[in-house]
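Encoded as structure tokens, the structure appears first; notes follow it.
Read the figures in this text as sums done on the coordinates, not as results from a lab. Note that this is a predicted model, so its numbers are computed, not measured. Neighbour counts run over all protein chains shown; Cβ positions are idealised from the backbone, glycine included.
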Amino acid sequence: MWTDSKPDMREAGRKEARDAGPAVKRLMALTGDMPHLDKFMQDKLFALQLVVWALRGVTRVILANNPLSGSLMLAAIYWASPWQGLLGTLGLLTSTLVAVILGQDSGEVWGGLHGFNGMLVSLLMGVFNSAGDWYWWLLLPVCLASATSVFFFSGLSPVLDRWDLPVAVFPFNMVIIIYFLCTGPDNPYFPHHLAVPPSWVPPNVTALSATQVLQGIPLGVGQIFACSSLGPSLLILAGLCLYSPLQAFHALIGSAIGTLAGLSMAVRHECLYTGLSGFNGALGCMAVGGLFFMFNWKTHLLAIATAFLSAYVDIALSNLLGAMGLPACSWGATLTVTLLMLLRGDVATYRIPLGQVRAPEQNLRSRSRWQAGSAVEQESTDV
Amino acid sequence: MWTDSKPDMREAGRKEARDAGPAVKRLMALTGDMPHLDKFMQDKLFALQLVVWALRGVTRVILANNPLSGSLMLAAIYWASPWQGLLGTLGLLTSTLVAVILGQDSGEVWGGLHGFNGMLVSLLMGVFNSAGDWYWWLLLPVCLASATSVFFFSGLSPVLDRWDLPVAVFPFNMVIIIYFLCTGPDNPYFPHHLAVPPSWVPPNVTALSATQVLQGIPLGVGQIFACSSLGPSLLILAGLCLYSPLQAFHALIGSAIGTLAGLSMAVRHECLYTGLSGFNGALGCMAVGGLFFMFNWKTHLLAIATAFLSAYVDIALSNLLGAMGLPACSWGATLTVTLLMLLRGDVATYRIPLGQVRAPEQNLRSRSRWQAGSAVEQESTDV
Amino acid sequence: MWTDSKPDMREAGRKEARDAGPAVKRLMALTGDMPHLDKFMQDKLFALQLVVWALRGVTRVILANNPLSGSLMLAAIYWASPWQGLLGTLGLLTSTLVAVILGQDSGEVWGGLHGFNGMLVSLLMGVFNSAGDWYWWLLLPVCLASATSVFFFSGLSPVLDRWDLPVAVFPFNMVIIIYFLCTGPDNPYFPHHLAVPPSWVPPNVTALSATQVLQGIPLGVGQIFACSSLGPSLLILAGLCLYSPLQAFHALIGSAIGTLAGLSMAVRHECLYTGLSGFNGALGCMAVGGLFFMFNWKTHLLAIATAFLSAYVDIALSNLLGAMGLPACSWGATLTVTLLMLLRGDVATYRIPLGQVRAPEQNLRSRSRWQAGSAVEQESTDV
């Protein structure tokens, strides 16, 4: 996620698939990063290629990279709200096309890296819009903001590259804040709801419902796509499971930890019930647990710590930005994961270089092959 | 602007002037960066040299570098308000002298790079001062703030240099925010007006006057010097035209685009009438249209996009900082241009390395000569 | 301070001590960085080693590095308030142990670099806690926040290392802001006082008392440890004097300058009386006057300028953050010193590379020896 699979890795992927039995091979081909698909699509129609790039982009939102998962997740968004689905699709296509026009790196475009920020901006603009669904004027800022996110992605990458950090959702978080600040609280053309700080407690508080808090955990996974219905959230989780079961597992753990952090800070019940407390924890937990770091019990503990830190930073930033009526989006997880990836010491040895990041399960396999390879090499050097 | 013309470029400038006819030569000598003047001034009195450095510094504010344009612009500021002229001159000289004392790079000092931030800080302190003109106590913070801007310029440059970015007006924007925050809303010694967010609409709104909006476009160019009278703004524009007609053209386009962006966000009428909506667009449009990027139709379109983005970011930041009573100054344009200069992909090929930036017209000529040169070189290599 | 003394420097320290007479030698051995102690402790019990690391960590707060000074300063904190002492000790040990567990660089751990941020976070959490002393629940966030500061220290260091900058108290400043924002103004479990902006003037102002303002100067040194009693502040100053008299002298000058800056901006009397106006000035003055720059009259003037700038930036940030009820902690000094260390030009020649920074007096001696050495080397090259 947030990286492009290198050609040599695709080669490795195909070799590996060849080694396995034919049934497993076919199943394997639909999970993980699906590197073979790029080769297959190379001489197809541009429109078809664009669909694959866009579907990869959909999964990038949740740190995955698989067009099949992408179609499941897009279906979930249309299920939750067709208007949100339309906005998301428009943002996705606009930003991908703008990246093509601006001549961005084709590997990045193919991998869907220029689509997901535009999609997220569009979804958030739809969620906070107070003029109601099917307010067609909104399509204008949606297109402009999606296009702007490409500029931010391209401009931030040389800075973050110095430390081998992913651009991630920094562009989305910046562009959406600019949009909300620009339109202000009572814009006549593009009115929007104001965000409420999580620590603001309404006067008449009812008792906390344990069922609703538990329901907030899968909703936290859906909230990564700004979706707060249970059915679509479970479909998104299923799509993630297709990409990598390990990552889906970490998403649920992270969301539960985020909810726990929210309880410990006594946030508004609404935040817990809708999954808003959980989604930053989920993002943080997924990123560290197996994706950017090799999965083992040490990084698993680190992923839990990251989930807690992401959730607390999210509460802090939500209180800060909420004082201006702004949402904290995924700043908490993005900043925390960036910090974790900069860590020195023992944990840094488990960090996977950005160019070699794939699905957690494949990271594990390529690491063992690579270690075996280096052992063989060492032997041959010894001789 | 924001760069120093290297000796070899001066050589090229002189050669070029020699090739042209004597009348054109004399005219040419007064436009663009005037690199021959540095040689001429080398053995003159320190006071005379200081005047040239300071006048170059005046034009750096508007991304130009020509002492003659500088004297026109300084005259415009004195015309608009002698008190503002005095403050600007004091800030200009203080920061240039502090840079000399601190032993900053002489090429930077000669090019006026240590004067313009001090001048801008002083002008803004004068504009927001609520104790009236000729309030002599203000000279003390003006001197201190101008001196501080040199520290910021020198300290920021190693960080920005890593990505070949100009320090630009970052020091001005930082120092002025520190000054306003320091003195607070009701300081007994240095009282100042509070900035009003552009989205705040007064209760009794009158109809929008098209004439005043149109007048706001040239005023947007004047607002770069914090000047809001029409006559002086036109004189500033004339000075800019002497440096580079192309840049003056982009300044007007950018200001018009900024006004358009302001209209689309329904900002206060006052912002449109006084040119406050336009000046960030003008700065963004100038920087990308021919100065830091080679001028062609692609970068012209990019300059238009930059002007829109600068203007929207300015509205966003003005709403954010305005909630604390702070002005957004030129943060919008500065951040946007910095982002644009970091862009990857096709547009990056038109980016001119910072050490070779000159007036837009000269950039065009040196590029074609350089390309011809490299073609010749290639031929000779082929042989 | 904020750096680890390299083995070759320890060698030099021992040689130097050997050259001096036995009485001076014994005295010398207790001042400065005490590099010989590390060798002596190497084969001792882990608990004993931990005590030395922790005591070094205590002095890192005030830019020193001497376990004896550390025990004096810790005694001062316990004297001022045993509860604060307990919190500080807990934070110190937690963050040092977490750094050991996370496998951070052992040189950094030995030098106390992973202790001081945790200690400062804990002290500030105690000072702002509004549930009264001996509120045992506070120990939970104290431990978590101290542990988090290690993540911030380790994550920020690769970024700041690019420009040879110390991580300093950035982690403390970030973690404490996150904690205060997280708990919000009326948290039911961890309530805390809100910070008041220094420019907010209460309705009934009494005349300024010169004695109390003067008393604020030594209190400014104590405020570096969030301590506002006179006796303990003097003991802290004595501990600093043991490490380096020059640094203690600069601390007092800096605190006086900070108080002067506060007077010039007409801050609340309380800020002046309690030393809150002075401590950022003290930190800035110490860092530039002899520690990170070679001590001479030029850097002495620069240290005075830094003290003023630190104090003004602190007032500015206190007004900004105070509007949200947040304290500005030592952001002012930290940002200013970071800026100063990035300076180019003549002053940069006096900058000491981070790996070679020791007590100001030792910096002077090692510089002269190094210069003598290079002179000898040059001679031998000439021959």
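Quick look at the values:
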quantity: Sequence-distant residues sharing a close amide H with B:His192 (under 5 Å, placed H); calculated: B:Ser130, B:Asn187
quantity: Distant-in-sequence amide H partners of B:Phe293 (H built 1.01 Å from N, under 5 Å); calculated: B:Ile352
quantity: Cα-centre dipole for chain B with unit charges at Cβ (Lys and Arg positive, Asp and Glu negative), debye to 20; calculated: 440 debye
quantity: Neighbour-count order for A:Thr148, C:Thr211, A:Thr334, fewest beta carbons within 10 angstrom listed first; calculated: C:Thr211, A:Thr334, A:Thr148
quantity: Residue-averaged beta-carbon neighbours from other chains (10 angstrom radius) around B:150-162; calculated: 5
quantity: Cα convex hull of chain C, projected area averaged across orientations, nm²; calculated: 20.6 nm²
quantity: Distant alpha-carbon pairs in the protein assembly as shown (separation over 39 angstrom), percent; calculated: 53 percent
quantity: Proximal charge balance of A:Phe116 [Cβ under 13 Å; K/R count +1, D/E count -1]; calculated: +1
quantity: 0 to 90° range, to nearest 10: angle between helix C:46-60 axis and chain C longest Cα axis; calculated: 70 degrees
quantity: Radius 13 Å from Cβ of A:Ser199, net charge of other residues (Lys, Arg +1; Asp, Glu -1); calculated: -2
quantity: The range B:44-193 - charge dipole about Cα centre, Lys and Arg +1 at Cβ, Asp and Glu -1, debye rounded to 20; calculated: 220 debye
quantity: Ranked C:Cys241, B:Cys285, criterion: other C-beta atoms within 10 Å, fewest first; calculated: C:Cys241, B:Cys285
quantity: Charge dipole (debye, nearest 20) of the protein assembly as shown; +1 at Cβ of Lys and Arg, -1 at Cβ of Asp and Glu; calculated: 340 debye
quantity: Within a Gaussian network of chain A (alpha carbon springs, distance under 10 Å), most fluctuating of A:Gly91, A:Gly275, A:Gly345; calculated: A:Gly345
quantity: Sites excluded, trypsin sites (Lys or Arg not before Pro) in DSSP loops with at most 13 other C-beta within 10 Å, longest stretch of chain B; calculated: B:163-383
quantity: Table column - 3J(HN,Hα) (Hz), the range B:165-173, Karplus curve with 6.51, -1.76, 1.60, x for Gly and Pro; calculated: 9, x, 6, 6, 9, 3, x, 4, 4
quantity: Whole-Hz couplings from phi, Karplus 6.51/-1.76/1.60, listed for the range C:103-118; x for Gly and Pro; calculated: x, 6, 3, 5, x, 5, 5, 4, x, x, 5, 9, x, 5, 5, x
quantity: For the range B:44-193, alpha-carbon Rg relative to the globular expectation (2.2 N^0.38 Å, N residues); calculated: 1.01
quantity: Spherically averaged projected area in nm², based on the convex hull that wraps the Cα atoms of the range A:181-224; calculated: 5.2 nm²
quantity: 12 Å beta-carbon shell around C:Thr96, net charge (K/R +1, D/E -1); calculated: +1
